[in-house]
1. Express in nm, to one decimal, how much length is gained between THR7 and ALA118 on full extension, taking 0.36 nm for each residue of separation and deducting their alpha carbon distance.
2. Given that compact globular proteins tend to follow 2.2 N^0.38 Å, what is the ratio of the alpha-carbon Rg of the stretch 88-127 to that value?
3. What FRET efficiency do you get for THR56 and LYS97 if R0 is 25 Å and r is their Cβ-Cβ distance, rounded to the nearest 0.05?
4. Computed FRET efficiency, Cβ-Cβ of GLN169 and HIS20, R0 30 Å: what is it to the nearest 0.05?
5. For the stretch 40-124, count the residues as N, evaluate 2.2 N^0.38 Å, and divide the Cα radius of gyration by that value, please.
6. So, in Å, what gap is there between the alpha-carbon centers of the stretch 1-61 and the stretch 146-163?
7. Please give the net charge around HIS20, taking every other residue with its beta carbon less than 13 angstrom from that of HIS20, where Lys and Arg add +1 and Asp and Glu add -1.
8. HN-Hα J couplings of the stretch 87-96 from phi, Karplus 6.51/-1.76/1.60, θ = phi - 60°, integer Hz, Gly and Pro as x?
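Computed from the coordinates by the stated procedures, all read-outs in this text should not be read as laboratory data. Since the model is a prediction, treat every value here as computed from it, not as a measurement. Note that each Cβ is placed from the backbone with ideal geometry, even for glycine, and that neighbours are counted across all protein chains shown.
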Amino acid sequence: MKLDLQTYNLRDDWKVAIEHLDFIARFKDEEWWQKRPVPYEWQENWVLAMLYQGVTDPASHPACDVYCPQWPKVIDALWETGHVEHGTLTLTEEGRKRIGPVLIKHHNRFPDLSPGRAVLPFKVHVAPMGSGNQVIEDKTVWEFISESMRKTLGLEMEAAAIGAVAHAQRDKKLDTVVPSVCSHSCAISSSLDRTPPRQFIPPPGEVCSCSPKGHRAAYRILDTGQCAC
């Protein structure tokens, strides 16, 4: 049995203001902006790049805390995928094949991953978000949601109560929800995270690159370029 959807529309002036806000100029000096997390994929790439360039121990490199803050998990993942010889810091042929093209693409330099740069820039997507009062782990729910709101970018379960309160107190202008942390939408097989599927489900085709094997995760509503694993 299908249930009816109830929509709450963002005020037009808020929508226009957000879409035209220069986030780089507004937040570039904020501490959270400067310390934005580096995705696991790029932490791995940094380790591979260091080994490729002859650095024998990337963990002792001065930039490790910036580019590879999750060193234990990252090196475990590289051992598991075979990009680094297990139990050592020796780059394998598979590792060379992975990092070689990345360095060539970026002129043999590791790219600047700061929020305002061309690689993994900070992005905000203004679009409808679905919410409900129960956990949904069935990806086919998009067939139902898309019938009524085809541009929906995410589905979660916490904002439903906020939406109900905002609707009941419209004079207080409490009608915006910005999720910044998400859960996985499907089970993954990665040493980085084995969290079972939970509440936030992205549209079909959205793929998070934080894991070497990849998994679909919702990072499109507040898109910092990475999943919040």
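1. Numbers: separation 111, 0.36 × 111 = 39.96 nm, distance 3.52 nm.
Net length gain for the segment: 36.4 nm.
2. Values: Rg = 14.5 Å, N = 40, 2.2 N^0.38 = 8.9 Å.
That works out to 1.63 for the stretch 88-127.
3. Working: r = 21 Å, r/R0 = 0.83.
Once rounded, the FRET efficiency stands at 0.75.
4. Details: r = 27 Å, r/R0 = 0.90.
Result of the calculation: an efficiency of 0.65.
5. Values: Rg = 12.6 Å, N = 85, 2.2 N^0.38 = 11.9 Å.
The value comes to 1.06.
6. 21 Å
7. Details: positive: LYS15, ARG26; negative: ASP12, ASP13, GLU19, ASP22.
Local charge sum for HIS20: -2.
8. x, 9, 10, 9, 5, 8, 5, 5, x, 5
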